[in-house]
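The values are calculated or read from the model by the stated rules, or taken from the named source; none is laboratory data. This one's a predicted model, so the numbers in the text were calculated from it and none came from an experiment. Backbone-built Cβ (ideal geometry, glycine too); neighbour counts: all protein chains shown.
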Amino acid sequence: MVIRREDYRPPAWLVPEVRLDFDLDAAATRVRARLSVTRNGADGEPLRLDGAGQVPLSVTVDGVAIDDWRLEGEQLVVPLAGAAHVVETEVEIAPDHNTQLMGLYASGGILCTQCEAEGFRRITYFPDRPDVLSRYTVRMTADAARYPVLLANGDPGATGTLDDGRPGIRHWAEWHDPFPKPSYLFALVAGDLAVNRGSFTTRSGRAVELGIWVREADLARTDHALDALKTSMAWDERVYGREYDLDVFNIVAVDDFNFGAMENKGLNIFNSRYILADPDTATDYDYDGIAAVVAHEYFHNWSGNRITCRDWFQLSLKEGFTVYRDQGFSADQGSAAVKRIEDVRTLRAAQFPEDAGPLAHPVRPDAYQEISNFYTATIYNKGAELIRMMATMLGPVAFRAGTDLYFDRFDGTAATCEDFVACLEEASGVDLTQFRRWYGQAGTPRVSASLSHGAGGGRATLRLAQRVPATPGQPDKQPMVLPLRLRLFGAETGRPLTDEQLVLLDQPAATIVFEAVTERPVLSINRGFSAPVIVESDRSAADLAFLSAHDDDPFARYEAMQQLMLDTLVAGAIEGSADYDAVIDAVANTLDDPDLDAAFVAEAVMLPSEAFVGDQLAVVDPDAIFRAREALRGDLARRLEARWRLAYDRAPAVPYVYSPDQKGRRRLRNVALGYLAASGAGDAAALAFAQFGAADNMTDRQAALTTLVNGDAPERDVALAAFHDRYAGNGLVLDKWFQAQALSARDDTTDRVAALATHPAFTLANPNRARSLIGAFGANQRAFHRADGAGYRFLADQLIALDRLNPQTAAKLLPPLGRWRRFDAGRAALMRAELARIVAVPGLSRDLFEQASKSLE
Ligand code: HT7
Ligand code: ZN
């Protein structure tokens, strides 16, 4: 069934108050729900409660059992006259049979919930839609030995023990959440958990008790998450004026989780990979990710919880804005330039291909079959870029006035993307009428930029044009508003010739004239990646090399180097060879520049990924791209070997410290190690192996392992075995072991990955494991696209098996198979055959069916 945005209707009944009573048990949990309902629509409309999989054991209205209820599909329909009633239902559910990890489920002996988007209906009958906001009171009763800790949303209430004749001691706890919330924000946790406690005093003086709850054995790895939480709380007060509103804020980490984390009111539930960190088991990248996700979920307390979404088509209202907020937070913790580079790399790796493929959809979609399939890079990352563009157009003061107005006006309600944009418009006076097209039109705009200079007259002319490509269901597009930050530099002197300008390109084409340009200008455009577009410019290799050395915008400097590398790699892939000199000189200059910090240098000297090179080609040839990239990489490595050694030898101090400076130095050192290995230097494997053995932290150990895993030195198998044995039993760390092998550049990767799928530590039941092997393999362009189709067959087999357990996770791993249009006829036919095989599986989930069938169209 297709759900359409245009069909939105307000709910016929509201539920201002809910009381839930859980008799918790992994095998059979009883749920009694008491709903105070009030009519919101026309007389005669029955109450419709969503369910999924259960049967009602009893239904009462105002305390009297009724038998005129009926089931329509999965909905419980209760005929009701009048304006207000109390409706009670009772159901029984089985958390330990819940492999989908939606609703109430068991993870390693802990009972926990995941309700977004439509998981609450798997717990009890309820109008499971985000525009029904209720005050919840929750009582949980459970075996005190198995489940000594009982947590739910809001603030804690009464507790007690009871003797109901059942074996063991049973206890109960009540929680009350004073803030009306939609059902997707409901949460409870019951388990044997230890807590790392902290406290935070808000700017108005409210003392908040913080708790990070994990298994006892993991307690020592929770300090970083707790610190990140406190930092986030202070940041949101300072930057957005947002203060926390309950007396407690709890986070629970579980091992089995479909996503990164969940922002349930006052009780966030996290995938343990975004909580647990110590230097021995977590990389710098993991530390960054933990801080970013802790911040993201915390920020949702305002952008998501206090103001939620009217319907799921508005998902980017909370997700795009919250990603924008967490990006700002992370930028403030270290190098803002490097953070921007990382965010743009993520956007290009995940969102641009989505926007160019069969699953392309607008930031505010018009239709879906399964909402879980719309937690995408478009909703999250492109959604954040939309907010960023508006912030750029408004400037910081007006943008803050707009967000203040939004938080103030819509607090306690379920709002729309339009409400948000209208607040920015009202507070700033900036007309965003045409900008709104960004919410409705899918596809990545392409901007062509051509700069000419009449040497004598001193006039430079910049010709800009935009084109928004057709996407499924949207053949014709209107021009967008593209905020392009640009500046001209003098090719001879290296000096800026103009101030930076913000050009709003809102027509199909525009011409900008610069007077008194006395030397040949070089164009720096889309500085800071001010618009999420693809720029096609006619800048020469020499001009790009010039910008990579002279541009005063660090992102533009990085971008110029990337473009130079990309042009070289594309030429290499198409023609079989290319001139590497410009890239080599530019990289050498960057490595030699004493004013650049190590983190930036590490980003700038890395080659674009094979996938990104593929995105530039009319037909992706994975083998040619691999060869071209290896050739350039090898040449860069050999010709600059002395410099890589120098960079490698500038080792950061031990012991490990997680700080922006140390992180940057480790990154550069490990990039240098990769180049030394690519140079073919006789001692490279020994160097990597020594680093592997001596490292006092996971960043260096994993980098060394990855370097070895890409090669065929004898140290490779020794290191793999040592890593495996050292971390046996630690699933999160073994994920790195699976991932390194799934991403390996070796010829035998496809076969090795197939063998790893039968490894005793691998299981499709855990989403982290599935993503680390199957997900990473799908991202390995060369191995996945092996010409005989073995990679496609393997992925399809895994997805069909995974779909029976966890449809959401299966559907998320499908997109690499849907990119068949981008490949040669032989590969395309093999990919389509696997998609057709998936679609034909009897009993396939709606999740996987939607993704696979759309990919075939
Ligand atoms: N808002 C959360 C989304 C989420 C989710 C969605 C579908 C299935 C499972 C899920 N777990 C969490 C996470 C976030 O964006 O903060
Ligand atoms: Zn979010």
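Summary table
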read-out	value
Cross-chain or 6+ apart pairs with Cβ under 8 Å, segment 316-341 first and in the same structural domain as GLU418 (by TED's automatic domain parsing) and among the β-branched types (Val, Ile, Thr), then within 16 Å of ligand 2 (Cβ to nearest atom) and not in a helix (DSSP H, G or I)	THR322/HIS300; THR322/SER303; THR322/GLY304
Residue selected from segment 508-541 under the condition part of a helix (DSSP H, G or I) and touching a Phe, Trp or Tyr at 6+ places or on another chain (Cβ under 9 Å), by the criterion nearest to GLY456 (Cα to Cα)	ARG527
Selection status of VAL363, free of Cβ contacts under 8 Å to residues at least 24 places away in the same chain and either touching a helix residue (DSSP H, G or I) at 6+ places or on another chain (Cβ under 6 Å) or not charged (D, E, K, R) (or both)	no
Strands (runs of 3 or more DSSP E) wholly inside segment 2-81 that include at least 1 residues being surrounded by 15 or more Cβ atoms within 10 Å (Cβ to Cβ), aliphatic (A, V, I, L, M) and at pLDDT below 95	none
Where GLY289 falls short, out of the listed (1) touching a residue at least 60 places away in the same chain (Cβ under 8 Å); (2) touching a Gly at 6+ places or on another chain (Cβ under 9 Å); (3) within 16 Å of ligand 1 (Cβ to nearest atom); (4) at negative phi	(1)
Any hit, segment 445-463, residues being within 16 Å of ligand 2 (Cβ to nearest atom) and of a type in the set (Ser, Thr, Tyr)	no
Helices (runs of 4 or more DSSP H) wholly inside segment 260-348 that include at least 3 residues being among the hydrophobic types (A, V, I, L, M, F, W, C) and farther than 27 Å from TYR105 by Cβ	315-333, 336-346
Any chance PHE249 is of a type outside the set (Gly, Ala, Ser) and either assigned to a loop (DSSP other than H, G, I, E, B) or under 20 Å from GLU342 (Cα atoms) (or both)	no
Matching residues, segment 321-346, being within 16 Å of ligand 1 (Cβ to nearest atom) and among the aliphatic types (A, V, I, L, M)	VAL323
Tally of residues being within 14 Å of ligand 2 (Cβ to nearest atom) and over 14 Å from the mean Cα position of the chain (by Cα) across segment 271-286	0
Residue within segment 452-459 that is in contact (Cβ under 8 Å) with a residue 60 or more places away in the chain and among the basic types (Lys, Arg) present	no
Condition met for VAL294 (buried (at least 20 other Cβ atoms within 10 Å of the Cβ), away from ligand 1 (no atom under 16 Å from the Cβ) and β-branched (Val, Ile, Thr))	no
Condition broken by ASP725, with the remaining ones in (1) in contact with a helix residue (DSSP H, G or I) (Cβ under 9 Å, 6 or more places away or on another chain); (2) assigned to a helix (DSSP H, G or I) satisfied	(1)
One residue from ALA261, ALA228 being within 13 Å of ligand 2 (Cβ to nearest atom) and among the hydrophobic types (A, V, I, L, M, F, W, C)	ALA261
Hits in segment 100-120 (condition: over 17 Å from ASP23 (Cβ atoms), of a type outside the set (A, V, I, L, M) and within 14 Å of ligand 1 (Cβ to nearest atom))	GLN100, SER107, GLN114, CYS115, GLU116, GLU118, GLY119, PHE120
Failed criterion for ALA801 (all others in (1) in contact with an Asp or Glu (Cβ under 7 Å, 6 or more places away or on another chain); (2) within 22 Å of TYR105 (Cβ to Cβ); (3) free of Cβ contacts under 8 Å to residues at least 40 places away in the same chain hold)	(1)
Yes/no for GLU263 being within 16 Å of ligand 1 (Cβ to nearest atom) and in contact with a strand residue (DSSP E or B) (Cβ under 6 Å, 6 or more places away or on another chain)	no
Residue match in segment 593-609 (condition: in contact with a Pro (Cβ under 7 Å, 6 or more places away or on another chain), assigned to a helix (DSSP H, G or I), farther than 29 Å from GLY789 by Cα and among the aromatic types (Phe, Trp, Tyr))	yes
So ALA401, is it within 16 Å of ligand 2 (Cβ to nearest atom), assigned to a helix (DSSP H, G or I), among the small types (Gly, Ala, Ser) and over 19 Å from GLN851 (Cβ atoms)	no
PHE249 within 16 Å of ligand 2 (Cβ to nearest atom), of a type in the set (Phe, Trp, Tyr) and not assigned by TED's automatic domain parsing to the domain that holds ASP155	no
Subset tally (residues that are of a type in the set (S, T, N, Q), over 12 Å from the mean Cα position of the chain (by Cα) and within 9 Å of ligand 2 (Cβ to nearest atom)) for segment 310-335	0
Qualifying position, being over 25 Å from ALA491 (Cα atoms) and at pLDDT below 95, among SER609, SER577	SER577
Which numbered condition CYS115 fails, given (1) more than 16 Å from ligand 2 (Cβ to nearest atom); (2) crowded, with 23+ Cβ neighbours inside 10 Å	(1)
Residue in segment 36-58 that is within 24 Å of VAL149 (Cα to Cα), within 33 Å of the chain's Cα centre (by Cα) and away from ligand 1 (no atom under 16 Å from the Cβ) present	no
Subset of segment 378-396 [farther than 17 Å from LYS339 by Cβ and within 16 Å of ligand 2 (Cβ to nearest atom)]	THR378, ILE379, LYS382, GLY383, LEU386
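Condition check ((1) within 19 Å of LEU188 (Cα to Cα); (2) buried (at least 24 other Cβ atoms within 10 Å of the Cβ); (3) out of contact with any helix residue (DSSP H, G or I) (no Cβ under 6 Å at 6 or more places or on another chain)) across all residues:
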| position | (1), (2), (3) |
| --- | --- |
| GLY260 | yes, no, no |
| LYS265 | yes, yes, no |
| ILE269 | yes, yes, yes |
| ASP278 | no, no, no |
| THR283 | no, no, no |
| ASP288 | no, no, yes |
| HIS300 | yes, yes, no |
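Conditions tested, residue by residue: (1) over 27 Å from the mean Cα position of the chain (by Cα); (2) under 27 Å from SER659 (Cβ atoms); (3) surrounded by fewer than 20 Cβ atoms within 10 Å (Cβ to Cβ); (4) not hydrophobic (A, V, I, L, M, F, W, C).
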| site | (1), (2), (3), (4) |
| --- | --- |
| GLY693 | yes, yes, yes, yes |
| ASP696 | yes, yes, yes, yes |
| ASP712 | yes, no, yes, yes |
| ALA721 | yes, no, yes, no |
| HIS724 | yes, no, yes, yes |
| ASP735 | no, yes, no, yes |
| ASP747 | yes, no, yes, yes |
| ARG752 | yes, no, yes, yes |
